[in-house]
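K.L.:
Sharing a structure below in structure tokens format, with a few things to ask.
The values are calculated or read from the model by the stated rules, or taken from the named source; none is laboratory data. The model shown is predicted, which means the values in this text are computed figures rather than measured ones. Don't worry about glycine lacking a Cβ; one is built from the backbone with ideal geometry, like all the others, and counts go over all protein chains shown.
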Amino acid sequence: MAKVRSVKYRIYLLFMLGFRIRGLNIRSIMGVPGDMNLELLDYIDAVEDLTWIGNANELNAAYAADAYCRVSGSPGVVVTTMGVGELSALNGIAGAYTEQVKVIHIVGTTSIAAHDKRLMIHHCLGPSPDHKVYEKTSQHVRAAHCWLNNPAIAAREIDRVVHECIAQSLPVYIFVPADMVHCPVPAPSPSRIDLALLTDEFSKASAIAATLSLLYKAKAPTVIVDALTARHSGKDVTRKLVDVLRFPTFSTSMGKSIIDETKPYFCGIYNGQVSIPGVCEVIEQQSDLVLDLGPILSDSNTGGHTRNIAEQKIIAIHPHHVIVGGTVHRNIGLVSFLSSLLETIDKSKLPRPTLPGRIPMPPAKDTDTEFITQSWIWTRFGEFCRPGDILIAESGTAQFGLPDAYLPRDVTYLTQVYYGSIGYTVPACLGAAVANCEQGGQGRVILVVGDGSLQLTVQEIGTMVKLGLKNIIIVVINNNGYTIERAIHGPEQAYNDISTWNHSAMLDFFGAKNGRACSRTVRTKKEFDEVVSLPEYQSPSSIQVLEVFMEKMDLPWRLRMQVEIINKRNAQARKNEQAVLFPS
Ligand SMILES: Cc1ncc(C[n+]2csc(CCOP(=O)(O)OP(=O)(O)O)c2C)c(N)n1
Ligand SMILES: *[C@@H]1O[C@H](CO)[C@@H](O)[C@H](O)[C@H]1NC(C)=O
């Protein structure tokens, strides 16, 4: 098909969809073909500047779309085929849902005629199948959905669903019956989708007044920057706000890298009791006001729910409401609130608390070894990063270790803490690299993934090779199995072992031309330092794989501490249960 730039009167439905997607600044589409979406894919290809990526499987495609959004700010798009592909993507979409990432999932389905006759067509379930059955399986992981089965309203339906995706920062579904693909529809009005989000101006004004009054009165205010600021498109305004406030400012594990860690007001990562000694004291005891920006209070983001801040001293800015000292102000968009706050703040009235600076980490006890340890490696990644880099941490020891990395400005840190589905990061690395290329980013994409997690989604390295992506460094932490699970339970149990792979052969297998030469293995600190200073690591001209051998039972301190907290809590719960069952 010829490339089409614009249309006037009538338009094919799928062109309309393609233009809407392109209008959101999306340039790449993830997914896997199937007979129910093949013709639909022709339209994607026909829209100027819209590119089909083509992933190894649909789970990977969904993870890649998620990371594409986290890096580009535009929704990720994934196209699958009914049932078989759609269900494979579901885990990735669920991750995007719980972590509040914008993803548009387009599913090519059987024709409307087949729905009506309940025909037994491949990918359906059982006899006399309901062709819409899979729609029900995704109802808990989406903000909205539509079926493009009525030409008269199809264009409006697309706009409604895309609006919900952006407004709620959540996944949405668009189901496209095969016989609707070439359906002509009235050309939609040229106006873009209305992205203005609903904010109740009265509610906002009262929340701003309440906030300012507390801010001006405070003696020792602090700020916590959490993930939902970035997920709800508020990264820039958050950065500007903390720059104006200049209060002692902390990130959470999930909010890491949203603000510049080199600023004098940055004090470190706050994660409840699982924080560097001194952090909790500043926030929980010394501070009389905590501005909590975009909180997401999941277990691993709060030190196993051990945050302890009095409600009256919190101003919490949520995606759609604000809570000031326990009073809820409803229907206020996060960006709208933070922008207004920034405009109305009188800098001269702000308190000027002393800045403790970055709270230092106590020295590790196991420094006297030449081998790479958990206590050594994570801060080294911080030193290795440069402005513009994207650093990706897989669930496992990497995710508990990398909060210790002290990042230069403008590094984007990606990790899936709340949903925590292992295997997320390899496809996320692809999605991030694609978005980075589109934006003309010069930074490297540095993936840190455990040997166990790698085995779930490793095929997506093939897609990186296929696309000729270069600026990628894949670090495999080889600690001989599921170390994080060994820490939780069954350190020596066979269920925490994995099959042994030859990671040096991986790039060759996936078709990289010079794979063997780009694969290295290190065991000592000296070897690690030598490798990461190679020109190929400073600006890679092809994908690099670095296998880092570490001790099976070596744990990052954050993981050790969190496991201790949870075990203590569980032991207490068991004791209480026993006391009820067998009173003495
Ligand atoms: C899809 C999925 N399956 C299982 C788990 C449970 N799980 C969490 S971490 C982990 C092991 C990760 O091992 P590895 O990637 O080798 O990291 P390490 O802790 O050894 O650094 C497992 C199995 C999960 N979180 N997600
Ligand atoms: C692993 O693969 C590399 C690259 O193909 C090869 O040189 C090496 O011999 C392999 N190692 C083992 C233990 O098979």
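K.L.:
Can you give me the ranges of the strands (runs of 3 or more DSSP E) entirely in segment 320-417 with at least 1 residues that are more than 19 Å from the chain's Cα centre (by Cα)?
P.N.:
On the way: elements: 322-324, 327-329, 390-393, 412-415.
Because the criterion is at least 1 residues that are more than 19 Å from the chain's Cα centre (by Cα), the strands (runs of 3 or more DSSP E) in segment 320-417 that meet it are 322-324, 327-329.
K.L.:
Could you figure out which of (1) farther than 24 Å from ARG27 by Cα; (2) buried (at least 20 other Cβ atoms within 10 Å of the Cβ); (3) in contact with a Ser or Thr (Cβ under 7 Å, 6 or more places away or on another chain) isn't true of GLU86?
P.N.:
Only one criterion in (1) farther than 24 Å from ARG27 by Cα; (2) buried (at least 20 other Cβ atoms within 10 Å of the Cβ); (3) in contact with a Ser or Thr (Cβ under 7 Å, 6 or more places away or on another chain) is unmet by GLU86, namely (1).
K.L.:
If a residue must be of a type in the set (A, V, I, L, M) and over 22 Å from the mean Cα position of the chain (by Cα), how many such residues does segment 468-502 contain? Talk me through it step by step, then tell me what you get.
P.N.:
Of segment 468-502, the ones of a type in the set (A, V, I, L, M) are 469, 472-477, 484, 487-488, 494, 498.
Next, from what is left, pick out any that are over 22 Å from the mean Cα position of the chain (by Cα): 487-488, 494, 498.
Of the residues in segment 468-502, 4 are of a type in the set (A, V, I, L, M) and over 22 Å from the mean Cα position of the chain (by Cα).
K.L.:
Sticking with this one: Consider GLU460 against the criteria (1) surrounded by 15 or more Cβ atoms within 10 Å (Cβ to Cβ); (2) closer than 27 Å to LYS525 by Cα; (3) acidic (Asp, Glu); (4) more than 16 Å from ligand 2 (Cβ to nearest atom): it satisfies all of them except one. Which criterion is unmet?
P.N.:
(2)
K.L.:
Go through segment 148-189 and report how many residues are β-branched (Val, Ile, Thr) and within 19 Å of PRO319 (Cα to Cα). Working first, answer last.
P.N.:
Kept after step one, since they are β-branched (Val, Ile, Thr), are these residues of segment 148-189: 153, 158, 161-162, 166, 172, 174, 176, 181, 185.
Next cut, within 19 Å of PRO319 (Cα to Cα) only: 161-162, 166, 172.
Adding up the residues that qualify gives 4.
K.L.:
What residue, of ALA210, ALA227, ALA220, ALA187, is farther than 27 Å from ILE332 by Cα and aliphatic (A, V, I, L, M)?
P.N.:
Working: ALA210 fails: farther than 27 Å from ILE332 by Cα; ALA227 fails: farther than 27 Å from ILE332 by Cα; ALA220 fails: farther than 27 Å from ILE332 by Cα.
Result of the check over ALA210, ALA227, ALA220, ALA187: ALA187.
K.L.:
Please go through segment 545-584 and give me each residue that is surrounded by 20 or more Cβ atoms within 10 Å (Cβ to Cβ) and over 26 Å from LYS365 (Cβ atoms), ordered by number.
P.N.:
VAL545, LEU546, GLU547 - these are the residues of segment 545-584 that are surrounded by 20 or more Cβ atoms within 10 Å (Cβ to Cβ) and over 26 Å from LYS365 (Cβ atoms).
K.L.:
Further question on the same structure: Could you tell me whether any residue of segment 481-490 is within 16 Å of ligand 2 (Cβ to nearest atom), touching a residue at least 60 places away in the same chain (Cβ under 8 Å), in the same structural domain as ASP529 (by TED's automatic domain parsing) and touching a strand residue (DSSP E or B) at 6+ places or on another chain (Cβ under 8 Å)? It would help to see each step written out before you state the result.
P.N.:
Initial filter on segment 481-490 (within 16 Å of ligand 2 (Cβ to nearest atom)): none.
Within segment 481-490 (the criterion being within 16 Å of ligand 2 (Cβ to nearest atom), touching a residue at least 60 places away in the same chain (Cβ under 8 Å), in the same structural domain as ASP529 (by TED's automatic domain parsing) and touching a strand residue (DSSP E or B) at 6+ places or on another chain (Cβ under 8 Å)), the answer is no, since none of the residues qualifies.
K.L.:
In segment 508-566, what count of residues is obtained for those that are part of a helix (DSSP H, G or I) and of a type in the set (Val, Ile, Thr)? Give the derivation first.
P.N.:
So the first thing to find is which residues in segment 508-566 are part of a helix (DSSP H, G or I), and the list is 508-509, 516-518, 525-532, 535-538, 557-566.
Those left that are additionally of a type in the set (Val, Ile, Thr): 531-532, 563, 565-566.
Summing the residues that are part of a helix (DSSP H, G or I) and of a type in the set (Val, Ile, Thr) in segment 508-566 gives 5.
K.L.:
Another question, then. Could you say whether any residue in segment 43-51 is of a type outside the set (A, V, I, L, M), in contact with a Ser or Thr (Cβ under 6 Å, 6 or more places away or on another chain), assigned by TED's automatic domain parsing to the domain that holds LEU148 and not in a helix (DSSP H, G or I)?
P.N.:
Going through segment 43-51, the residues of a type outside the set (A, V, I, L, M) turn out to be 43, 45, 48-49, 51.
Within this subset, residues satisfying the condition of being in contact with a Ser or Thr (Cβ under 6 Å, 6 or more places away or on another chain) are 51.
This time we only want the ones that are assigned by TED's automatic domain parsing to the domain that holds LEU148, so: 51.
From what's left, not in a helix (DSSP H, G or I): 51.
Yes, that holds for at least one residue.
K.L.:
Every residue in segment 403-443 that is within 16 Å of ligand 1 (Cβ to nearest atom), of a type outside the set (A, V, I, L, M) and either surrounded by 24 or more Cβ atoms within 10 Å (Cβ to Cβ) or under 16 Å from GLY462 (Cα atoms) (or both), please.
P.N.:
PRO403, THR415, GLN416, GLY423, TYR424, THR425, PRO427, CYS429
K.L.:
Just checking, how many residues over segment 140-163 are modelled with pLDDT under 95 and either part of a strand (DSSP E or B) or surrounded by fewer than 22 Cβ atoms within 10 Å (Cβ to Cβ) (or both)?
P.N.:
11
K.L.:
Could you tell me whether any residue of segment 556-570 is within 16 Å of ligand 2 (Cβ to nearest atom) and either assigned by TED's automatic domain parsing to the domain that holds ALA393 or of a type outside the set (Phe, Trp, Tyr) (or both)? Talk me through it step by step, then tell me what you get.
P.N.:
Kept after step one, since they are within 16 Å of ligand 2 (Cβ to nearest atom), are these residues of segment 556-570: none.
Checked segment 556-570: no residue is within 16 Å of ligand 2 (Cβ to nearest atom) and either assigned by TED's automatic domain parsing to the domain that holds ALA393 or of a type outside the set (Phe, Trp, Tyr) (or both).
K.L.:
Condition (residue is assigned by TED's automatic domain parsing to the domain that holds LYS235, closer than 14 Å to ALA218 by Cβ and surrounded by fewer than 22 Cβ atoms within 10 Å (Cβ to Cβ)) applied to segment 327-338: is it met by at least one residue? Talk me through it step by step, then tell me what you get.
P.N.:
To start, the set of residues in segment 327-338 that are assigned by TED's automatic domain parsing to the domain that holds LYS235 comprises 327-338.
Those left that are additionally closer than 14 Å to ALA218 by Cβ: none.
No.
K.L.:
I would also like to ask the following. In segment 393-402, which residues are within 8 Å of ligand 1 (Cβ to nearest atom), surrounded by 24 or more Cβ atoms within 10 Å (Cβ to Cβ) and among the small types (Gly, Ala, Ser)?
P.N.:
Hits for segment 393-402 are GLY396, ALA398.
K.L.:
Quickly run through segment 282-301 and pick out the residues that are over 20 Å from VAL101 (Cβ atoms) and touching a strand residue (DSSP E or B) at 6+ places or on another chain (Cβ under 9 Å).
P.N.:
Applying the first criterion (over 20 Å from VAL101 (Cβ atoms)) to segment 282-301 yields 282-292.
Listed by number, the residues that qualify are VAL282, ILE283, GLU284, GLN286, SER287, ASP288, LEU289, VAL290, LEU291, ASP292.
K.L.:
Another question, then. Just to be sure I understand, how many residues within segment 219-271 are in a loop (DSSP other than H, G, I, E, B), over 26 Å from VAL101 (Cβ atoms) and hydroxyl-bearing (Ser, Thr, Tyr)? Before the answer, list the steps.
P.N.:
If we filter segment 219-271 for residues that are in a loop (DSSP other than H, G, I, E, B), which is where we start, we get 219-220, 226, 232-234, 246-248, 252-265, 270.
Pick out the ones that are also over 26 Å from VAL101 (Cβ atoms) and you get 219-220, 246-248, 262-265.
Remaining after also requiring hydroxyl-bearing (Ser, Thr, Tyr): 262, 265.
Matching residues across segment 219-271 total 2.
K.L.:
Could you tell me how many of the residues in segment 424-460 are in a helix (DSSP H, G or I) and under 18 Å from SER395 (Cα atoms)? Give the steps one after another, and end with the answer.
P.N.:
To start, the set of residues in segment 424-460 that are in a helix (DSSP H, G or I) comprises 425-438, 451-457, 460.
Next, only the ones that are under 18 Å from SER395 (Cα atoms) stay: 425-432, 451-457, 460.
Final tally of qualifying residues: 16.
K.L.:
Output the residue which, of all residues in segment 272-287 that are outside any helix (DSSP H, G or I) and buried (at least 18 other Cβ atoms within 10 Å of the Cβ), is farthest from the chain's Cα centre (by Cα). Even if it seems obvious, please write down each step before you answer.
P.N.:
Let us first name the residues in segment 272-287 that are outside any helix (DSSP H, G or I), namely 272-278, 287.
Add one more test, that the residue is buried (at least 18 other Cβ atoms within 10 Å of the Cβ), and what stays is 272-276, 287.
Details: GLY272: 21, GLN273: 24, VAL274: 22, SER275: 22, ILE276: 24, SER287: 30 Å.
Ranking the candidates gives SER287 first.
K.L.:
For residues in segment 489-507 being surrounded by fewer than 15 Cβ atoms within 10 Å (Cβ to Cβ) and in a helix (DSSP H, G or I), which is farthest from ligand 1 (Cβ to nearest atom)?
P.N.:
Looking at the filtered set, the residue picked out is ALA505.
K.L.:
Those residues that are within 16 Å of ligand 1 (Cβ to nearest atom) and either out of contact with any helix residue (DSSP H, G or I) (no Cβ under 6 Å at 6 or more places or on another chain) or within 15 Å of CYS385 (Cβ to Cβ) (or both), I need them from segment 532-550; list them, please. Full working, then the answer.
P.N.:
Here is the first cut: in segment 532-550, the ones within 16 Å of ligand 1 (Cβ to nearest atom) are 545-550.
Scanning segment 532-550 gives LEU546, VAL548, PHE549, MET550.
K.L.:
Please determine whether any residue of segment 511-531 is crowded, with 20+ Cβ neighbours inside 10 Å and within 15 Å of ligand 1 (Cβ to nearest atom).
P.N.:
So far as segment 511-531 goes, no, none of its residues is crowded, with 20+ Cβ neighbours inside 10 Å and within 15 Å of ligand 1 (Cβ to nearest atom).
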